[in-house]
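Written below as C-alpha cells is the structure these notes are about.
The values are calculated or read from the model by the stated rules, or taken from the named source; none is laboratory data. Quick caveat, the model's predicted, so the values are computed rather than measured. Counting neighbours? That spans all protein chains shown, and the Cβs are built from the backbone with ideal geometry, glycine included.
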Amino acid sequence: MVKKGPMLLGLSLALACSSLAPAQDSSMNQSIPQVLQITREFLKPGKSGASHDKTESAFVTAMTRAKFPVHYLGLNSMSGKSRALYISQYASFADWEKANQIVDKNPALSAELDRDAVADGELLDGMDSVVYIYDADLSYHPHADISHTRYLEISVFHVRPGHRNDWHDLVKMVKDGQEKAGTSAHWATFEIAYGGEDGTYIMLSADKSMADIDQGFAESKKFVEAMGGKEGMAKLNELFGKTVDTSHSELFSFNPKQSYVDESWIKADPDFWKPRAAPMAKPAAKPADDKPSAH
C-alpha cells in the first residue's frame, strides 16, 4: 500500500462525496447551513445498537408529535471510540435562538424531552457539543442534498496559531489540484466557533456507499499527478507540516432510527428513512391429532 502524505490523506479521502447539509425545513434542503451544531454522545460498553436506538427514538417521536421545525441527523461511529453524533443546522445564530424559544414555550415538549434525556443518560459515558460556522472559501463543490447518502467522513484539522493565511493557501493548492485532476471530490468546511480549541476546522463529506470511499482512494493517483508528482507533493506536505499541528479522519454511518428528518427526505427515500416494520410471523399450525376422539 502506498503511504500518502498527510495533506493528501486528510483531503483526498473526500473524493467522490457530497458535502454535508442536514435538513432543517424544506426551504433549507438545498442550501449549506451557516451554523452547524454537533452534539456527541459517548456510549458505555454494550449500550449501543438497539438499546440506544430505543432511547433516541423517543426524542424523534416527541419532535414529530410537536411538529418541531428544526430537524437533525443521527450518526453512529464506525471508527474511534463508540459514540453517536447529532447534527443540526441553522441559517444563523438568530434562527437557533428561535428554535430554543419554541421549546421553552412548549411545556409539554420540554417535560417530555427532559424525561427522555434521563433514560438516554443511563447509556452514556459522556456528552459534549460543538458549534461550527461554514467557510465557503475552504469548501470544494459542496452539494446540499444528502438525503440518499449513507456514510459521513469527517476530517479534523487544527491550524497552528498565526498560520491562518497559510491554511487558506494550503487548501487552495489542494482545490486547484483536484480541479486539474478532474476528480469527483466534494467537501464542506466549517470553522469552530464554540466548544473547542480555536483554529479547528472540519471537512465533511457524505458517501452514498462505501464504494465511494474506494473510488476516492483510486482517484488519489490522478491528484498526485496533477500536483506535479513527488516533487509537487513534497511542497504540499512541507506547507502542511508548517501549517497544521494535528489532523485525523473518522467514519460514521447515518442512523434513520436516531434521525429526525424532513418529510421530503422520507418521501425521497422511504425505505431508508422510514422503513416498514417487519411483518409478524404467523403462529405455527397445531399438529393434527391422529388419536380417535372419545365418545
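Of everything in segment 137-156 that is at pLDDT 90 or above and among the aliphatic types (A, V, I, L, M), the residue that is nearest to LYS180 (Cα to Cα) is LEU138.
Considered as a group, the residues in segment 232-256 that are crowded, with 20+ Cβ neighbours inside 10 Å and closer than 20 Å to THR200 by Cα include one that is farthest from the chain's Cα centre (by Cα), and that residue is LEU236.
Just checking, does segment 284-294 include any residue being among the hydrophobic types (A, V, I, L, M, F, W, C) and either modelled with pLDDT of 95 or more or part of a strand (DSSP E or B) (or both)? Looking through segment 284-294, none of the residues is among the hydrophobic types (A, V, I, L, M, F, W, C) and either modelled with pLDDT of 95 or more or part of a strand (DSSP E or B) (or both).
With the condition kept exactly as written, say whether any residue in segment 111-130 is more than 30 Å from GLY49 (Cα to Cα), exposed (fewer than 13 other Cβ atoms within 10 Å of the Cβ) and not aromatic (Phe, Trp, Tyr). No: zero hits.
Being farther than 25 Å from GLY195 by Cα, of a type in the set (Lys, Arg) and at pLDDT 95 or above, is that true of even one residue in segment 35-45?
For segment 35-45, residues farther than 25 Å from GLY195 by Cα, of a type in the set (Lys, Arg) and at pLDDT 95 or above: absent.
Could you list, in sequence order, the residues of segment 184-218 that are over 19 Å from the mean Cα position of the chain (by Cα) and modelled with pLDDT of 95 or more? GLU197, ASP198, GLY199 - these are the residues of segment 184-218 that are over 19 Å from the mean Cα position of the chain (by Cα) and modelled with pLDDT of 95 or more. Across segment 74-95, the qualifying residues are those that are among the hydrophobic types (A, V, I, L, M, F, W, C) and more than 19 Å from the chain's Cα centre (by Cα), and the one among them that is nearest to PHE42 (Cα to Cα) is PHE93.
For segment 51-64, the criterion of being touching a residue at least 40 places away in the same chain (Cβ under 8 Å), in a helix (DSSP H, G or I) and under 23 Å from ALA193 (Cα atoms) is met by no residue.
If the condition is being part of a helix (DSSP H, G or I) and touching a residue at least 12 places away in the same chain (Cβ under 8 Å), then segment 66-99 contributes ALA66, PHE93, ASP95, TRP96, ALA99.
May I ask you to list the residues in segment 186-209 that are without any contact (Cβ under 8 Å) to a residue 60 or more places away in the chain and not in a strand (DSSP E or B)? Selection gives GLU197, ASP198, GLY199, SER209.
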